[in-house]
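**Student:** My structure is below; once you've seen it, I'll send some questions.
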2 protein chains.
Amino acid sequence: MSNINELIVSYLAAWNERDDGRREELVARTWTERGTYMDAHRQGVGRAAIDAMIKATQQMFPGYRLRLSSGIEAHNGFARFSWEAGGSAEAPLYLGGTDVVKVADGQLDSVIGFTDAAPAAV
Amino acid sequence: MSNINELIVSYLAAWNERDDGRREELVARTWTERGTYMDAHRQGVGRAAIDAMIKATQQMFPGYRLRLSSGIEAHNGFARFSWEAGGSAEAPLYLGGTDVVKVADGQLDSVIGFTDAAPAAV
């Protein structure tokens, strides 16, 4: 992955990809082999576990698609950005979060995800 | 430190404490002995280096005080919160950031700081 912006685009695409083969490919492109994901509700260690975790989350939230909702702030191999999802007729619940990632060799080595409170106006 | 909220209050108090002795005490209470801080512009490893780093930052930003500007979201030994400073006559530049911390034995083991873009309305 040539830069952090492309890496984050690929990360969000992996969360949104419902085709098993294409999602597996995106996960392999995005995370290092022993990469990790962890938030308050789910975690995965290694690409296969992350792929299964994303698939299970998609099944809990059909119709939801993540979109980037902030700039990407990066330094010293770390990056932070926010995303949002929902707020539509198909996916009525508004969801938002902030993820902090550690990059190694151009791929995600770890992701720590945090839920954001819903904005007051939504 | 009995809980994450107290720990973050103590962390912000350390950034705001201009008295050397009291700041050193706050840093010792807040960070583990080998604790770290890192953002795009500064870093410190161990309490003495973190204390010196905070002091140097205070000298660059006289009149600024950090205040918590978000809830504290915590899981699995990690926590995330946002802070802001300035926006006043004494400290005109509005500053804001989001910090992600890793806790060990009730103290900060590492802090990764990110700058936030200024809100459009300020």
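**Student:** Looking at B:Ala74, B:Ala79 in this structure, which one is over 12 Å from the mean Cα position of the chain (by Cα), open to solvent by less than 40 Å² (accessible area, probe 1.4 Å), within 14 Å of chain A (Cβ to nearest Cβ) and closer than 26 Å to A:Gly77 by Cα? First the steps, then the outcome.
**Tutor:** Values: B:Ala74 fails: open to solvent by less than 40 Å² (accessible area, probe 1.4 Å).
Checking each option against the conditions leaves just B:Ala79.
**Student:** Just checking, how many residues over segment B:99-119 are at pLDDT below 95, open to solvent by 70 Å² or more (accessible area, probe 1.4 Å) and within 13 Å of another protein chain (Cβ to nearest Cβ)?
**Tutor:** Let us first name the residues in segment B:99-119 that are at pLDDT below 95, namely B:105, B:115-119.
Next cut, open to solvent by 70 Å² or more (accessible area, probe 1.4 Å) only: B:105, B:117.
Subset that is within 13 Å of another protein chain (Cβ to nearest Cβ): B:117.
Result for segment B:99-119: 1.
**Student:** Let me ask something else about it. Can you tell me which residue within segment B:43-71, out of those that are more than 10 Å from chain A (Cβ to nearest Cβ) and within 27 Å of A:Thr115 (Cα to Cα), is nearest to the chain's Cα centre (by Cα)? Walk me through how you get there before you give the answer.
**Tutor:** Restricting attention to segment B:43-71, the residues satisfying the condition of being more than 10 Å from chain A (Cβ to nearest Cβ) are B:44-69.
Then keep just the ones that are within 27 Å of A:Thr115 (Cα to Cα); that gives B:65-69.
Values: B:Arg65: 10, B:Leu66: 8, B:Arg67: 10, B:Leu68: 10, B:Ser69: 12 Å.
If we take residues in segment B:43-71 being more than 10 Å from chain A (Cβ to nearest Cβ) and within 27 Å of A:Thr115 (Cα to Cα), then B:Leu66 is nearest to the chain's Cα centre (by Cα).
Quick grid of which residues meet (1) open to solvent by 30 Å² or more (accessible area, probe 1.4 Å); (2) in a strand (DSSP E or B):
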{"position": "A:Ile8", "(1), (2)": "no, no"}
{"position": "A:Trp15", "(1), (2)": "no, no"}
{"position": "A:Arg29", "(1), (2)": "yes, no"}
{"position": "A:Gly44", "(1), (2)": "no, yes"}
{"position": "A:Ile54", "(1), (2)": "no, no"}
{"position": "A:Thr57", "(1), (2)": "no, no"}
{"position": "A:Glu84", "(1), (2)": "yes, yes"}
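**Student:** Report every pair of residues separated by at least 6 positions or lying on different chains whose Cβ atoms are under 8 Å apart, first residue within segment A:6-19 and within 10 Å of A:Gln107 (Cα to Cα) and in contact (Cβ under 8 Å) with a residue 60 or more places away in the chain, second open to solvent by 20 Å² or more (accessible area, probe 1.4 Å) and outside any loop (DSSP other than H, G, I, E, B).
**Tutor:** Note: pairs meeting the criteria are A:Leu7/A:Val103; A:Leu7/A:Gln107; A:Ile8/A:Leu68.
**Student:** Based on this model, can you work out whether A:Asp39 counts as charged (D, E, K, R) and more than 16 Å from A:Gly113 (Cα to Cα)?
**Tutor:** Working: charged (D, E, K, R): yes; more than 16 Å from A:Gly113 (Cα to Cα): no.
Spelling it out, it is not the case that A:Asp39 is charged (D, E, K, R) and more than 16 Å from A:Gly113 (Cα to Cα).
**Student:** Test A:Gly96 against the criterion of being part of a strand (DSSP E or B), at the interface with chain B (Cβ under 10 Å from one of its Cβ atoms) and either modelled with pLDDT under 95 or farther than 18 Å from B:Met38 by Cβ (or both), and give yes or no.
**Tutor:** Working: part of a strand (DSSP E or B): yes; at the interface with chain B (Cβ under 10 Å from one of its Cβ atoms): no; either modelled with pLDDT under 95 or farther than 18 Å from B:Met38 by Cβ (or both): yes.
No.
**Student:** If you don't mind, another one. Look at segment A:17-27 and say how many of its residues are closer than 24 Å to A:Asn76 by Cα and open to solvent by 40 Å² or more (accessible area, probe 1.4 Å).
**Tutor:** Summing the residues that are closer than 24 Å to A:Asn76 by Cα and open to solvent by 40 Å² or more (accessible area, probe 1.4 Å) in segment A:17-27 gives 0.
The values are calculated or read from the model by the stated rules, or taken from the named source; none is laboratory data. It should be emphasised that the depicted structure is a prediction, and the values quoted were computed from it without experimental measurement. Because the Cβ atoms are built from the backbone with ideal geometry, glycine has one as well, and the counts that use them run over all protein chains shown. To get the accessible areas, we keep the full protein, side chains included, count just its heavy atoms, and leave off ligands, DNA and RNA. Shrake-Rupley method; radii C 1.70, N 1.55, O 1.52, S 1.80 Å.
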